[in-house]
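Nothing in this text is a laboratory measurement; each read-out follows from the coordinates by a stated rule. If you're wondering where the values come from, they're calculated on a predicted model, not measured in any experiment. FYI the Cβ positions are ideal-geometry reconstructions off the backbone, even for glycines, and counts take in every protein chain you see.
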């Protein structure tokens, strides 16, 4: 026992040789009265160590506190809790097992809290930490502020990395930095920027300014003035974009809206606006790819881009400029060219295109990519033209036109109606099976190629012309024969007239005798 007291005395002499010890409270050689340990063991109180400014102090009944230096007139350092420590600086305060490493006017008053430095920082919560900066407050258990100024971490396990005027006010909320940002819900995060608010549970604002993520799991990547109030939504950036329905996305742009902004947050969920300006995806699962002033109100409708297109029919698709699909026309595909007039849908499930410059369909190319098969509808025209040049054809053979005519004569031609049209709508023509059986043309016996129909018709016309020519030749030959007979008849009549005249003269001569 005597050796332990001598060792402690030597330790005190060592401290006095390296630091200006103001006081050591408690008798280091005799100890103080026995105290009860929280786990039931007995121990003797640990002395407090105070150095630096003479007015540095520890509170009454405090043991094991350390003030390693610092302090000045009117701003002494103080230890107000057991085993608290102030490393230096001025006007700092350390509570129960708390630490203030230095700085000015800092307070670590929470159990096992810590302030690394800076000025006017407060660590009030248990195990809370303020690393530095100024006027920061970590007031809840395990809350942390790394630096900056005027930041507040006021709920369990909240974190602020730095910046100014930021607030993390709910469990596990985090603000990485920036200015005047707030993370106010469970596990909410604001990474930086200014005036951003993540008020939904698990919501995130990565940066930018004046953004609001209030939905559960909502994310705003950046930009300015963006808002999402629904769950599991994302605004990647841009300016003034809004999301009002769950699981929706706005990629960026200006003034875009995903959702219909009514009180029901699920009737237009899964909607997407990729970008552009003043676009709205207001239908369930609808999408706008970009462009400007486009609207999709039909469920699962799409506008890929362009200007002032509207897809109000479910499962509809509107593209180009001023294409408008009515809500009673689901499943419609509508494309409008740059003509500055609205192009309206006419029916459900229709495919309609306004292309005043013409339409082309290319169905084949050569090795250089030059088209060698296809059709086109010329500007202003109402009928198709198809590629038919010799250069794209092969395997030529002549046809017997009269045989084609005979075969065509044997093909039944009827009037009929399509089963999916009303009976009042009538058509005329052969059946594909009959046409294929007669001529063997085309890809199969279910379709009739208009090229083959036209070819058969032309060949039949040629065959008919041949018959007409043959009949004309026969008629001309017959007319020649008739003309010859007419001449012969005229001659015979003339000869008969001469004979009759002669007979008359003879008869007259006989009378005279």
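When a footprinting reagent is the concern and you count Cβ atoms within 10 Å, what order do 475, 428, 387 take, fewest first? Before the final figure, lay out the partial values.
Numbers: 475 11, 428 8, 387 16.
The fewest-first ordering by Cβ neighbours comes to 428, 475, 387.
For residue 433 and residue 216, the FRET efficiency from 1/(1 + (r/R0)^6), where r spans their Cβ atoms and R0 equals 60 Å, is about 0.45.
To the nearest Å, what is the center-to-center distance of the range 275-302 and the range 44-110, using C-alpha atoms only? Value for the Cα centre distance between the two parts: 63 Å.
Starting from 0.36 nm per residue, how many nanometres of slack lie between residue 363 and residue 447 once their C-alpha separation is accounted for?
Working it through step by step, the gained length comes to 28.5 nm.
Among 156, 398, sorting on how many other beta-carbon atoms sit within 10 Å of each Cβ, with the fewest leading, yields 398, 156. Here are some values of log10 I(q)/I(0) by the Debye sum over Cα atoms at q = 0.08, 0.09, 0.11, 0.13 Å⁻¹: (1) -0.79, -0.87, -1.03, -1.17; (2) -0.60, -0.75, -1.05, -1.31; (3) -0.49, -0.62, -0.94, -1.31. Which one was computed from this structure? Evaluating log10 I(q)/I(0) by the Debye sum over Cα atoms at q = 0.08, 0.09, 0.11, 0.13 Å⁻¹ on these atoms matches (1). Remark: spin-label model distance residue 420-residue 482 equals 5.8 nm, labels positioned 7 Å along the Cα→Cβ axis.
Expressed as an acute angle from 0 to 90° and rounded to the nearest 10, what is the orientation of the C-alpha long axis of helix 401-410 relative to the principal long axis of the chain? Computed tilt is about 80 degrees.
How many percent of DSSP beta bridges within the chain run antiparallel, rounded to 5? It would help to have the intermediate numbers written out before the result.
Numbers: 19 of 111 bridges.
Here the share of antiparallel DSSP bridges comes out near 15 percent.
Over the chain, dividing the summed -39,500 (n - 2.57) contributions of all DSSP H runs of at least 4 residues by the number of residues returns a 222 nm mean residue ellipticity of -7000 deg cm²/dmol. The calculated FRET efficiency for residue 504 paired with residue 461, based on their beta-carbon distance and R0 = 56 Å, is about 0.35.
Here each label is just a point 7 Å from Cα along the line to Cβ, and for residue 396 and residue 46 those points are 10.9 nm apart.
With the cut-off at 1.5 for a/c, could you classify the range 397-513 from its C-alpha gyration tensor as rounded, prolate or oblate? Prolate, since a/c reaches 1.5 and a/b exceeds b/c.
For the chain, the longest principal axis of the Cα atoms and the long axis of helix 2-18 meet at an angle of about 70 degrees.
Computed FRET efficiency, Cβ-Cβ of residue 384 and residue 328, R0 30 Å: what is it to the nearest 0.05? It would help to have the intermediate numbers written out before the result.
Details: r = 30 Å, r/R0 = 1.00.
Approximately 0.50, to the nearest 0.05.
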